[in-house]
Amino acid sequence: MDWVLEFPQIDGTTLRALARTIDQQYRAFSRAWGDAIEAAFRPLLEFLLWFEKLLIATPWWVVLGVVVGVVWLASRSRTITLGTAVALVLIGVFGMWEDTMRTLAIIAVCTLLSVLLGLPIGIAMSRSDRLQATINPILDVMQTMPSFVYLIPIVMLLGIGLVPGLLVVVIYSMPPIIRLTNLGIRLVDAEVLEAADAFGSSGWQKLLDVQLPLSLPTIMAGLNQTIMAALAMVVVASLIGVRGLGQPVLQAINNQYFTQGVLNGLAIVAIAIIFDRTSQAFGKRLQRHRDAEHG
Amino acid sequence: MADPAIRIRNLFKIFGPRDKALIERVMAGMTKAELQSDPAHTLGLRDINIDMRKGTIQVVMGLSGSGKSTLVRHINRLIEPTAGEILIEGEDVTAMTPDRLRAFRRRQVSMVFQRFALLPHKTVLDNVTYGLRIAGVGRSDRERAAGEWVERVGLSGYENSFPAQLSGGMQQRVGLARALATDADILLMDEPFSALDPLIRSDMQAILLELQKDLKKTVVFITHDLDEALRLGDRIAILRDGAIVQQGNPQDIVMSPADDYVAAFVAEVNRGKVVKVETIMRPLSPDSSALSARSALVEGTSLEAAARSMTEAEATEAVVLDSGGHPVGTVTMRDVIGAMVPSGDEGRGHRGAAALAAEAIG
Ligand SMILES: Nc1ncnc2c1ncn2[C@@H]1O[C@H](COP(=O)(O)OP(=O)(O)O)[C@@H](O)[C@H]1O
Ligand SMILES: [Mg+2]
């Protein structure tokens, strides 16, 4: 009557055999395919490296000027622009400029990838209830599975470096933009959609004229969350060799360098706030026509 | 008489996944209430037959849920019918290919919506050009055309405003201009003025009538408001539970309601304004004393106006003249007054009204 007192479980030998078989299978798979998959990611890696080098090689004051300029153009807010300039100067003064550039590069590329992949997936999901029912649980797994778990197979497959780091970050940060694109399109006013149909819109015309513009505020909220999620993964990615602000943090943890940890942590926070405030202000500006109440 | 612009034949609509399987039973006489026992299906329309004449305003009226929106959406096939056909200039809309249907919607039919359905992120001008842009008209052409329509609906100076900056009435003018800009012959209007304040609504009705005078579109106008129906409609069809219970010109509806449902609608109507003298006139007899009467009325005079002019002329009898000035009939003051006040028999209509109101709320 063992099973009354203890959960009847597979015995240790079977479980070990099972784990070993699966691991061996996967190792065989990664030996057979690892190179091919790595080659497939090559262009992405080159692009990322190029972008990183560009940010680092360009004189700091040019980068500073461009970032501050972009923030101004997007937000048209003095506070946000000034805050950005001050934050970047402090980052430079405290010797974190180069690491910050590396982090900016990987975040920018991750965001780009997330949008390029996430937007079409979100659009497809909004068109089919069945697809939505299939993809939603996958997104749940992507967002809640501890990232260390999928770190293992990715490292087994691709080794250590930028591309596996990029994958880890993208996996974690893509769900919000997919979810909110899907949600935004589903919430578009049915009567406006009907009007688009009534005037003879094709599917593309409806998507570009009505569905995307009307769901833009929601999609922007998703983009914002995606960027925040990507930044949250910077330290984890540094575990597998992604350089940037995450590495000094990791080092600080290992050696109990309190100040170094705090400084680099604050730099990550500063970047997060810059991205967040700028993208939100940009989103608001796109929606100006909504607040204009008639008088 | 000219061919109808829109001819609807034996149109049925059942909402639900197995509509085609249920259609035979509905055709055999199953009612909306009986179908209600099947929660997945709703009877939208039952055996609609109607001819809408070119260049006139056809009003479709009924209580909420009677199928008005469903009916009008079949004309441009925003809703697929379960059975039946819709012929426009002889072509069956229900048989159009997707390409043909898009072309049809771009050029031959346009629509105005109850809640305006404007693009909130586009300016007034860009909203008005919307249909033309969809149809592939070049920028300068469509902006010229749209500019004219903006002016005709009285929105000059607001070209660069966003919809949210305009009042409801002005937004619906944008909706109207957008619909007119494509030059389609058929204009579908689904309760276009129902969301507006009464005074604005009356303004909008006037604008529509004014435009219609020289545009002569075939307008299908949906409303639940009888006053609006009587003011705008050349012909009125009344829907109940997805079926047409009566169709005719406004006076037919007011003078001889087909059942309690219609009687309830017309019970509160000021007949003196709606009913014309020719509707109640007696045939001309050669020895009629009215021929020498002191009062003459032209066809199209309302009972109210007739009573006023007969009173002024102190006449108890009047002769009715056609537009050429030829006598066509006679009316007495007694007829006129009698027709303005519903008879005791029709008082039934009031009880009907109460019952229907209860039904609508319940
Ligand atoms: N898409 C739909 N699915 C199921 N039932 C519908 C749908 N659209 C309308 N109906 C039903 O059809 C009937 C007529 O609706 P509708 O045409 O909107 O009425 P009206 O415009 O006269 O208020 C109602 O009973 C409504 O519930
Ligand atoms: Mg309706």
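Just so you know, all these numbers are worked out from the coordinates, no wet-lab data involved. Source: prediction; values computed, not measured. Positions of Cβ are backbone-derived with ideal geometry, glycine not excepted, and every protein chain shown enters the neighbour counts.
So which residues in the stretch B:36-49 are surrounded by fewer than 20 Cβ atoms within 10 Å (Cβ to Cβ), on the phi < 0 side of the Ramachandran plot and away from ligand 2 (no atom under 16 Å from the Cβ), if there are any at all? If you could, list the steps in order and put the result at the bottom.
Residues of the stretch B:36-49 that are surrounded by fewer than 20 Cβ atoms within 10 Å (Cβ to Cβ), as a first pass: B:36-42, B:47, B:49.
Those left that are additionally on the phi < 0 side of the Ramachandran plot: B:36-42, B:49.
B:36, B:37, B:38, B:39, B:40, B:41, B:49 - these are the residues of the stretch B:36-49 that are surrounded by fewer than 20 Cβ atoms within 10 Å (Cβ to Cβ), on the phi < 0 side of the Ramachandran plot and away from ligand 2 (no atom under 16 Å from the Cβ).
Every residue, every condition in (1) β-branched (Val, Ile, Thr); (2) surrounded by fewer than 23 Cβ atoms within 10 Å (Cβ to Cβ); (3) more than 14 Å from every other protein chain (Cβ to nearest Cβ), yes or no:
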residue: A:158; (1), (2), (3): no, yes, yes
residue: A:174; (1), (2), (3): no, no, yes
residue: A:178; (1), (2), (3): yes, no, yes
residue: A:188; (1), (2), (3): yes, yes, no
residue: A:193; (1), (2), (3): no, yes, no
residue: A:197; (1), (2), (3): no, yes, no
residue: A:201; (1), (2), (3): no, no, no
Q. Filtering the stretch B:198-233 down to residues that are away from chain A (no Cβ under 14 Å) and more than 16 Å from the chain's Cα centre (by Cα), which residue is farthest from ligand 2 (Cβ to nearest atom)?
A. B:214
Q. What's the number of the condition residue B:231 fails, among (1) closer than 21 Å to residue B:133 by Cα; (2) of a type in the set (D, E, K, R); (3) assigned to a helix (DSSP H, G or I)?
A. (1)
Q: Identify the residue in the stretch B:110-134 that is of a type in the set (A, V, I, L, M) and more than 8 Å from chain A (Cβ to nearest Cβ) and, among all such residues, is nearest to ligand 2 (Cβ to nearest atom).
A: B:112
Q) If you go through the stretch B:154-183, how many residues are surrounded by fewer than 23 Cβ atoms within 10 Å (Cβ to Cβ), among the aliphatic types (A, V, I, L, M) and more than 16 Å from residue B:121 (Cβ to Cβ)? A) 2
Q: Scan the stretch B:74-87 and give yes if some residue there is touching a strand residue (DSSP E or B) at 6+ places or on another chain (Cβ under 9 Å), more than 8 Å from every other protein chain (Cβ to nearest Cβ), assigned to a helix (DSSP H, G or I) and under 22 Å from residue B:48 (Cα atoms), otherwise no.
A: yes
Q) Inside the stretch B:195-228, can you point out the residues that are out of contact with any helix residue (DSSP H, G or I) (no Cβ under 7 Å at 6 or more places or on another chain) and under 10 Å from residue B:172 (Cβ atoms)? A) B:201, B:207
**Q.** Residue satisfying all of: in the stretch B:57-68; surrounded by 21 or more Cβ atoms within 10 Å (Cβ to Cβ) and farther than 15 Å from residue B:109 by Cα; farthest from ligand 2 (Cβ to nearest atom) among these
**A.** B:59
